[in-house]
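Below: one structure, written as structure tokens.
Each value in this text was obtained by applying a stated rule to the coordinates, not by laboratory testing. None of these values were measured; they are calculated from a predicted model. Ideal geometry is used to build each Cβ from the backbone, glycine not excepted, and the neighbour counts take in all protein chains shown.
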Amino acid sequence: MTVRVIPSGTKPAWHKEKIQDMDTNDKNRRKRQSMTLYVLLGLLLLALLRSFVFPSVINGSVRETSYSDFLSKVDSGEVTKVDLTTDSGEITYQTGEGPSAQLYRTTQFPNDSTLVTRLEEAGVDFSAHLPDESATLLVYLLINLLPLIIFLFGGWLLNRRLRKELGDDNSMSFGGGFGIGGGLGRSGAKEVRGEETGVTFRDVAGQDEAKESLQEIVGFLKNPDRYAEIGAKLPHGALLVGPPGTGKTLLAKAVAGEANVPFFSISGSEFVEMFVGRGAAKVRDLFKQANDKAPCIVFIDEIDAVGKRRDSSFTSNDEREQTLNQLLAEMDGFDNHKGIVVFAATNRPESLDPALTRPGRFDRRIPVELPDLAGREAILKLHANDVKMEAGIDFGVIARQTPGASGADLANMINEAALRAVRMGRNRVSQADILESVDVVIAGEKKKSTVLSEHEKEVVAYHETGHAIVAAVQDGKKPVSKITIVPRTGGALGFTMQTEEDEHYLTTREEYKQQIAVLCGGRAAEELIFGQMTSGAANDIERATKIARAMVTQLGMSERFGMMALGQSRNQYLGGDATLTCSEGTAQEIDAEVQRLVEEGHQTALETLRRNRFKLHEIAHYLQRKETITGEEFMRILTRDDGFAPRMPAAEE
Ligand code: ADP
Ligand code: MG
Ligand code: ZN
């Protein structure tokens, strides 16, 4: 499967014929002009240098001689005139008179005190003068000229670089502001021929709804005329929205592959240029290219970089707004009977300018969500096809362990597993490799450099066991599948993994409360056993508080406020934090309510661990010895002999 990407610097052959033919003459003329200018400039410089640095070389009549030669010529009476430059000790002398005169040059021998007497004896006309004024002038000129030369040279280099970058040799000339203002040319959109992207819907696992909505567009691209005949208007554009790594780019490529049309891809950030106006020119050019190649797909990745809501904030960005306006105009302008579909991808749909999403522009919105259990399994299997696997690997287990993982995460896991297999000197990937790579992707590599003291290890072991026991006594929908106290490069000193049996889409208030209690379990164990608090619970606290806050402000799950919305969620696909939409007084009450919820979970955890104190000791010590234990080992100890029946302490509301 090869993808041919034409680098932006080189132009595809068709472009050469299409675009260059109309302005070849113009281009050549300008090229010649700028060449002439450079040559003239060079000549001028040379002339200046020659007249000041080597003034006498020009007339070619001064000969260099040795000092002894000079002396002997003085003694023999040939020399008629001597001129000494003080400081530099340079002597210029003349032999003969009139037309037969010849100039020589030499340098005075240091401390030759006899020279004056000798010259007098020989009856030579001699004089001395201060260093030449022309030399001073030269220094003066150089100081003034050098910056200019550097500036011109810099401008020329920049000009050349810009042209190269844009693959653009029809836009700039020397006269246009030394290369800075020019280069309003090619968009740099890469054209990847549809049939060569090699990506089809078969390469996208899961995402069935998205594929279904895209199927219609594929039909349209394959056969635009059929739609035109009836007079049906197809969407100009479709917006793929979803969290990072869910396959938005992949889907857009797959549509091009399915429909067998060219795929023009450009990233939103590429439009935002340093010079105002260039982004807009890129947009114009992109659509011009697309128009020539229709039917085709134009894909604008990360469109939020240009498509951000225009508002009257201080930080308005002229370049971005111009680019956006141009984009809006182009999307209105193109004739869709030809079959151009513009795809755009973003994970911040709420920040997009409403003008972009109105009918006639990006009027279709295709959600590309995180994969569910079945989707994850499918993605794992798909990517597993690319590597050699041992027979009988259970992808379902792995899919269950990775709720919330995106397609990109899962692809990464398979790759990490393959890397691990190689490291272990095996030629096939085993189940253990994948399970280990899940941890690597979630928490980072094992960190060998961190060596915990025995005491710290004990604390971490109790902390993790605390989480696990609180998790285990709950309704059993989320059993513990793994506990480990191996430090990770992600910063965790250990973690407890819970696996959901079946995926569900609704979460009850009770379940949220349980989650908070489980998160409090680590700190509770530390308090109970060591009577101390450590920094190890920071992440737990953060997460527990976040859940509690969402319960109060967004989910209507508090007695105090009931079903009142107190916050507005932002960045749904990027973490989903919320801004409060209430008065300050209410904000204080919210804090109190959140604190109450977290504290309730904390008390539940403490109570649970108090009741299971012996198990806590036993499992923590076992974990400290083994460093990583499976869910089965954990449950075996927890439920062994003394008639332990996992159950919640009586919930006190
Ligand atoms: P996005 O554009 O949504 O951020 P990409 O399309 O760039 O994500 O996906 C990144 C990578 O993740 C893809 O190249 C692919 O290997 C993998 N991937 C993501 N989703 C899927 C999927 N549904 N099926 C197969 N592979 C996927
Ligand atoms: Mg992408
Ligand atoms: Zn913890």
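Put a plus charge on the Cβ of each Lys and Arg, a minus charge on the Cβ of each Asp and Glu, and nothing anywhere else: the dipole of the range 336-392 about its Cα centre is then about 320 debye.
Pull up the DSSP beta bridges for the range 61-141 and report the antiparallel fraction as a percent, rounded to 5.
On the way: 12 of 20 bridges.
Within the range 61-141, antiparallel bridges account for around 60 percent of the total.
Let me know the charge dipole size of the range 61-141 about its Cα centre in debye, to the nearest 20, where only the beta-carbon of Lys, Arg (+1) and Asp, Glu (-1) is charged. Don't jump to the answer; show the numbers that get you there.
Numbers: 5 positive and 14 negative charges, 30 e Å.
Charge dipole of the range 61-141: 140 debye, to the nearest 20.
So, by mean Cβ neighbours within 10 angstrom, what's the order for 498-507, 555-564, 525-534, 613-622 with the highest one leading?
Numbers: 498-507: 11.6, 555-564: 13.6, 525-534: 15.8, 613-622: 17.8.
Packing proxy ranking, top to bottom: 613-622, 525-534, 555-564, 498-507.
Between GLN554 and GLU121, the modelled labels are 10.7 nm apart [label points 7 Å from Cα along Cα→Cβ]. In plain terms, the residue of ILE230, ILE629 with the fewest other Cβ atoms within 10 Å comes first and the most crowded comes last, giving ILE230, ILE629.
Computed over the range 373-443, relative contact order equals 37 percent, with contacts defined as Cα pairs under 8 Å that lie 6+ residues apart.
Which FRET efficiency value, to the nearest 0.05, do you get for LYS81 and TRP156 by plugging their Cβ-Cβ distance into 1/(1 + (r/R0)^6) with R0 = 41 Å?
Details: r = 48 Å, r/R0 = 1.16.
Once rounded, the FRET efficiency stands at 0.30.
Between THR114 and VAL62, the modelled labels are 2.8 nm apart [label points 7 Å from Cα along Cα→Cβ].
Here the residues TYR140, TYR462, ranked from fewest to most Cβ neighbours within 10 Å of their Cβ, fall in the order TYR140, TYR462.
Taking a ≥ b ≥ c as the square roots of the eigenvalues of the Cα gyration tensor, the range 454-652 is classed as prolate, since a/c reaches at least 1.5 and a/b is larger than b/c.
Shown in residue order for the range 292-299 are the 3J(HN,Hα) couplings computed by the Karplus curve 6.51 cos²θ - 1.76 cosθ + 1.60 at θ = phi - 60°: 5, 9, 4, x, 7, 10, 10, 10 Hz (x for Gly and Pro).
What pairs in LYS222/LYS248; LYS381/LYS447; LYS381/LYS448 have C-alpha atoms more than 25 Å from each other? Let's see the in-between values first.
Values: LYS222/LYS248 21 Å; LYS381/LYS447 29 Å; LYS381/LYS448 31 Å.
Listed pairs above 25 Å: LYS381/LYS447; LYS381/LYS448.
Going from the fewest other Cβ atoms within 10 Å to the most, the residues ILE143, ILE393, ILE340 appear in the order ILE143, ILE393, ILE340.
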